[in-house]
Structures are given as structure tokens and as C-alpha cells.
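A quick write-up on the structure given underneath.
Values quoted throughout were computed directly from the atomic coordinates according to the rules given, and no laboratory measurement underlies them. Computed from a prediction, not measured in an experiment: that's the story for all the values here. Using ideal geometry, Cβ is built from the backbone for each residue, glycine included, and neighbour counts are taken over all protein chains shown.
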Amino acid sequence: MSVPDPDLRLGLGGAGLGNHRVALDDATAWAVLDEAWLRGIRLFDTAPHYGLGLSERRLGEFLAGRPRAGFEVSTKVGRRLVPVADPDGALDDEGFVVPADVRRVWDFSAAGIRQTLEASLERLGLDHVDTVYLHDPERWNLQEALDQGLPALRGLQAEGLVRRVGVGSMDLDALVAAAGTGLVDELMVAGRYTLVDRRAEERLLPLCAEAGVAIVAAAVFNGGLLAGSPSPASTYDYAQVPADVLARAQRLDDICRRAGVPLPAAALQFPLRRPVVRSVVVGAVDPAQVSANVRLLAAEVPDELWDEVAAG
């Protein structure tokens, strides 16, 4: 029996499965994944960076035995995990509540990328992934990372280890540079094409549309700001929200309130209004967040709201 094509408009981000800022036990992580699957989510994004491999291991255990044609998985390269000789009970120092028994090494070389992807495939229990992104290449050396990493990924694509090649970043200049190489199929745009931050509209979206590069929009709530009613206590990109950004978010919240639409619903749906955006990816640390996001995606948003957003 053939497996129907999955609905990929909404994906589950895997940082939370790697204990990002909050320690999840295995049962809770499984419940998050189970709720996502029951709600029809079939796109899962992860990375070795997320919990030093924990996110990939948990996702792999959950997907084991499920029809491979019925879901998509993306992961990332650029941070290679290497063992720590004497961890001495230390915890990770990059925001994940996990033991630091391995450490991250920036590595965009062909050999490093192959090693990183092969280790990811082992943790995931898969023989290929659907997309591999160079992860935050601007945090190492952007030009060298693109020059080395993208041809390396194209080679792995030719071997059948990956279907699509991409770059994932919060840095708009890095994403524009990647789109201009002619070597990417897809970009993960984190926080730079959202209801409150539309800077990607000027250069990146037209460039991707012209080049046939798909976009997956991540961090569409901008690290918490658009996940509820914006206030001075809200976070923007996981830091204190600047005053001008807060004022813009509060204006958007007012627009949504007048239309009877929850701000998070508009935030989740906004990127998908552009044909070049194929999916939005959002994380969760409990099953209720997953079901809430599915409802937000299905919420009715009147055209008048989008007109007002565009005008503002």
C-alpha cells in the first residue's frame, strides 16, 4: 500500500527534545513526538547541536519502524561532536540541560561534514535525511564554510545520503550569500521572516523565488515575543526585547485583537502566505504546545487583518 504524501506546512523543531533550557525526561519527549504524529505533523527538524545528540537520538527512537516515505527529517552539520576525555559531571554551557560528555567543534570540511552526517544518521536510525543544513556558518567563517561545506553536501547528495542541501541561520546576510551560490535547494530562515521582523522580504525572498530555493521559516514567534501578549517582560530572540520591536509587536497585537484573532495564530500563518515558504517549524516542550500550534495553524484569519498588517 502506498503512503500518501505528508502535509509539511507545520514541522516540529527539535531543540526542546534536546533539553533546550528545560530538562525533559524521555517520557515527556516521547509524548511531545507522539502528539505531533497524532496531529498529522510529519516534518521533524533536529541537529547534533541540540542536546549534544540527545534530540537526534530521541527522534530516531520515536520514528523507528514508521514508514520512511511518510515523514521528513532535516538535520544540520558544522558542529562536529567529539568525546570529552574527563567530563567530571559538567553540564553543557550552550543552553541545553545535558551532560557535557561530548563537545562541539566547528568543522565545515568535507571530511568533517561526512563524519557529522554519518553520526547523525546513526543516532536517527536512518539511511538518509531529507535536508541537511550548514548550521550557522557565519559564526565560524561564512565564506570558507560555504566554499567547503556546500560542495561537500552536494557530494553526499549524489550518494543518496541527503535529498536537499541547505543553510540554516538567523543571520540575513549569511542566508542571502547562501542563496546566491546556486548550490542550495532550501534555506532555514530563523527569526528573520516573521510577523514582527520582515527584513527577509527585501532581498532574500525575491532572490529565493528567482533561484527556485525553498524556505522553511523557523523561530516564527521570535523567541517568545509573539507567543502571547507582548510586554516588557517578553523575550525577543531569547533576550530582552528592544523598545522599538516591542512597540511594533504591540501594534500587531492590537490589530489581531480587533480582528478576533490570536497573535500567535497570525504569527504562525504569516510566513506561509508567500509561495516560496514551504513550511514553518516550531518547537514544543509538552504535548499541549503541539496541539495548540496545530489549532493556531487552522485558525481563520480574515483578509482584512493581512491587509492591515501589510499597510503597517
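Okay, here's what the table says:
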read-out	value
Mean separation of Cα contacts under 8 Å, 6 or more apart, over the residue count of segment 136-247: relative contact order %	18 percent
Contact order normalised by residue count of segment 106-159, Cα under 8 Å, 6+ apart, percent	52 percent
Selected from Glu61, Glu138, Glu72 as most flexible by GNM, with the chain as the system and alpha-carbon contacts under 10 Å	Glu61
Cα gyration tensor shape for segment 1-149, rounded if a/c is under 1.5, else prolate or oblate	oblate
Sorted by Cβ density within 10 Å, fewest first, the residues Phe96, Phe108	Phe96, Phe108
Computed lengthening from Trp140 to Ala27, 0.36 nm per intervening residue step minus Cα-Cα distance	37.1 nm
Linear extension gain, Ala209 paired with Arg154, 0.36 nm per residue minus alpha-carbon span	17.7 nm
Among beta bridges that DSSP assigns inside the chain, antiparallel share in %, nearest 5	20 percent
Distance (nanometres) between label positions extended 7 Å along Cα→Cβ at Leu38 and Val97	2.4 nm
Percentage relative contact order, the chain, counting C-alpha pairs under 8 Å, at least six apart	17 percent
